[in-house]
Protein chains: 2
Amino acid sequence: MNRLPLAGVQILDCTALLPGPYCTMMLAELGADVIKVERAGVGDFMGQMSPGCYKYMNGNKRLLSLNLKEPKAIEIIKKIAANSAVFVEGFRPGVVKRLGIDFESLKDVNPHIIYCSISGYGQTGPNRDLPGHDINYQSIAGLFSISGDPDQGPVFPSGIQTADIAGSMYAVISILAALQQPGDTPARLLDVSLANSMASWMMPRFMEFIDRRQPQKAKFMGRGPYGIFETLDDRYLSLGVVEDHFWVNLCKLLGFKDWANDKSFRGWITRNERRHEITPRLEAAFKTKDLEYWLSALSDADVPASAVRGFDDWIHDKQFKETGFIAQNSDGTLDENNFRRFPVDFVEPVDFIKKDEKNKEEAPFIGRDNDAILQKLGISFTEIAGLKAKKVI
Amino acid sequence: MNRLPLAGVQILDCTALLPGPYCTMMLAELGADVIKVERAGVGDFMGQMSPGCYKYMNGNKRLLSLNLKEPKAIEIIKKIAANSAVFVEGFRPGVVKRLGIDFESLKDVNPHIIYCSISGYGQTGPNRDLPGHDINYQSIAGLFSISGDPDQGPVFPSGIQTADIAGSMYAVISILAALQQPGDTPARLLDVSLANSMASWMMPRFMEFIDRRQPQKAKFMGRGPYGIFETLDDRYLSLGVVEDHFWVNLCKLLGFKDWANDKSFRGWITRNERRHEITPRLEAAFKTKDLEYWLSALSDADVPASAVRGFDDWIHDKQFKETGFIAQNSDGTLDENNFRRFPVDFVEPVDFIKKDEKNKEEAPFIGRDNDAILQKLGISFTEIAGLKAKKVI
């Protein structure tokens, strides 16, 4: 039986809302012992916005509530930091300095610490002090200018928190990379900018832009046989034809004999340019049969396609179930206490994501683990103004 | 001077297009020695779709061209795999078995190998053999059902390859996590599914859905003071008001005294529900002044906002420049040979992303590094049918 990859790695987490907690959730799932510090009495605002999301992101951590305006709380942070491999914070730039837990201060108590700061625009540059949320980082990185209908203005398209998640993912990778360095490596400050992280995910499109010297959204978003189509039963499928052989397969399936053999339709860029011919004909064709018919026919014809699904479909998705992405109770309903926090199976020699134990932790609440954490430091919680122990909340 | 985190880690990469190469690009940037195998004569199709994107993703690797249908080529793969910590492949499930380079085969030559398979739906389950592209994985994970205008049908919204990139990011994290395990750990198979990776990024929204028992897109996408607004000069800004104090700041700035003090507008969920009152009034207000006026005023009032930018703005973005995300030539133009492949600075004690050396590599082409790689293995390229050495291409 292998150990989890981050077993024995202690991480001190002073973040809230999404980017920081989503990052440390993954690290905890990979085996790290994450101690999350939350505002005494108030907690993480995510607990109010979405209790389920809060639990998902933080249930696998130890929860310590502190009032960071108290000197005693800062002393506790430093004591824990002295024994932690990693410190993660998500305050606006400047706040940690004011609190006395900036990089320099924690380096003094732990000369090898990996100090990860997650902020909207990074710790330097003219934007560092601006307030912002996910939408603003997506916006400044340019995502809206290449999204949505090519014939319309910029749109804020996505139902997910793309820039927040981008920062989370790069924070995890940076921390894991720093953990690869020898243990006696001097302390490092990892400066994660959500805006720059978002922009990194746009680099493949940016390089296309550089190639073609054309900023037009149509170059990215105008795509003939690559889009969403409605079926006879008022449902939708997505079609993902990129390569010529898939295009030929599609034309044959739909009975478009004229197009199947027409070399003037060959090539991804060509088909994008001719989308005003292609799209209407495809729309009419797919509207003639039900979704299930098309999924089966497209699969048999070897054409990339899938259903357009919603959350209410997740519970019925055989692929999600068979790959262990979601779990069911014995009565067939969704197991709401057992969601994957990391989607990759380490198949051999053991699935070390601990499927059985996963998410069986005690429900999280503010200061849940105060007693145990402080006891180990030799501190009685009653000493500390503003700090509430487990039982009094 | 510290070593790069992955210095000394050899990675054998048999991937093409986006998900695999984007993953190994990051690993190479973090110091790994990536040997990328490409089809002899043909290369990676990305080289035709977007030469700039191909160079960005693969320029920091060693490039070996092989015809994998030749037994000699498989012998070479095995020889390199025997000395590699990591193997990454992105074929459709089943192909590596046919070629003789599946997990079992490579485990025989390297009992500690980290074998990472990146595929659309994963190596198991009913969808494993389906063809697919980025759009199909986004679609089946449900992203389209929560994106776009809340009053309209599903939309394929985003200009970036969200699912492909999700798989890349989880592949990197899985590989780095596996590298944390001791060197004598038995071989591991990391089964990365692009669809499940995409779904993982939707988990925060899925948990909201579970909380509220309502699948309606309006709950996610209907957002009063959180959206895009047009300004007098026909440009656009993004507004990111989530918390009440930002809402009050905004109302005061815009002169909405009635709303600033109205407690019935408090709360994120309340404002989303009242978007049909809020949005038109904001639209009218922002249309009265130019973008630059608003950016300055919103910043002074401490309201989260930013410009909606496009790629043609990147070169002028002071934040990108000051944080080193993009570089300029001495004449002020964009340095097109110097793009960041990893956005996080490791500020102390050294910026180990090697800013100066970065992207100064020889331009990539098919089989660029054949000679050097094969020479080390004691193989003359002339032995190998279908393998073209550097000079003959």
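A few remarks follow.
Listed here are the residues, each with its yes/no results for (1) more than 24 Å from the chain's Cα centre (by Cα); (2) surrounded by fewer than 21 Cβ atoms within 10 Å (Cβ to Cβ); (3) not assigned by TED's automatic domain parsing to the domain that holds A:Ala171.
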site: A:Ile74; (1), (2), (3): yes, yes, no
site: A:Ile77; (1), (2), (3): yes, no, no
site: A:Ile114; (1), (2), (3): no, no, no
site: A:Ile118; (1), (2), (3): no, no, no
site: A:Tyr121; (1), (2), (3): no, no, no
site: A:Asn127; (1), (2), (3): no, no, no
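- Test: residue in segment B:224-232 that is farther than 30 Å from B:Asp313 by Cα and at pLDDT below 95: no
- Per-region count, segment A:179-190, residues surrounded by fewer than 24 Cβ atoms within 10 Å (Cβ to Cβ), in contact (Cβ under 8 Å) with a residue 12 or more places away in the chain and facing chain B (nearest Cβ under 7 Å): 5
- Yes/no for B:Thr279 being under 22 Å from A:Tyr137 (Cβ atoms) and either surrounded by fewer than 20 Cβ atoms within 10 Å (Cβ to Cβ) or at pLDDT 95 or above (or both): yes
- Set A:Leu68, A:Leu64, A:Leu17: member being among the aliphatic types (A, V, I, L, M), more than 16 Å from the chain's Cα centre (by Cα) and surrounded by fewer than 24 Cβ atoms within 10 Å (Cβ to Cβ): A:Leu68
- Just so you know, in segment A:20-38 the residues that are more than 12 Å from chain B (Cβ to nearest Cβ) and among the acidic types (Asp, Glu) include one that is surrounded by the most Cβ atoms within 10 Å (Cβ to Cβ), and it is A:Glu38.
- Across segment B:6-36, the number of residues qualifying as part of a loop (DSSP other than H, G, I, E, B), without any contact (Cβ under 8 Å) to a residue 60 or more places away in the chain and either basic (Lys, Arg) or under 13 Å from B:Leu63 (Cβ atoms) (or both) comes to 0.
- Qualifying residue in segment A:39-46 (condition: acidic (Asp, Glu), surrounded by 19 or more Cβ atoms within 10 Å (Cβ to Cβ) and assigned to a loop (DSSP other than H, G, I, E, B)): yes
For (1) surrounded by fewer than 21 Cβ atoms within 10 Å (Cβ to Cβ); (2) in contact with an Asp or Glu (Cβ under 6 Å, 6 or more places away or on another chain), each residue gets a yes or a no:
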site	(1), (2)
B:Glu230	yes, no
B:Leu239	no, no
B:Lys263	yes, no
B:Arg266	yes, yes
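- Residues in segment B:310-349 that are at the interface with chain A (Cβ under 7 Å from one of its Cβ atoms), in a strand (DSSP E or B) and of a type in the set (A, V, I, L, M, F, W, C): B:Phe346 alone.
- Qualifying positions in segment B:310-348 - over 16 Å from A:Glu208 (Cα atoms) and either in the same structural domain as B:Trp294 (by TED's automatic domain parsing) or small (Gly, Ala, Ser) (or both): B:Gly324, B:Ala327, B:Ser330, B:Gly332
- When A:Tyr170 is tested against (1) out of contact with any helix residue (DSSP H, G or I) (no Cβ under 8 Å at 6 or more places or on another chain); (2) within 9 Å of chain B (Cβ to nearest Cβ), just one condition goes unmet, and that condition is (1).
The values are calculated or read from the model by the stated rules, or taken from the named source; none is laboratory data. Keep in mind that this is a model prediction, so the values were computed, not measured. Cβ sites come from the backbone with ideal geometry, for glycine too, and all protein chains shown count toward neighbours.
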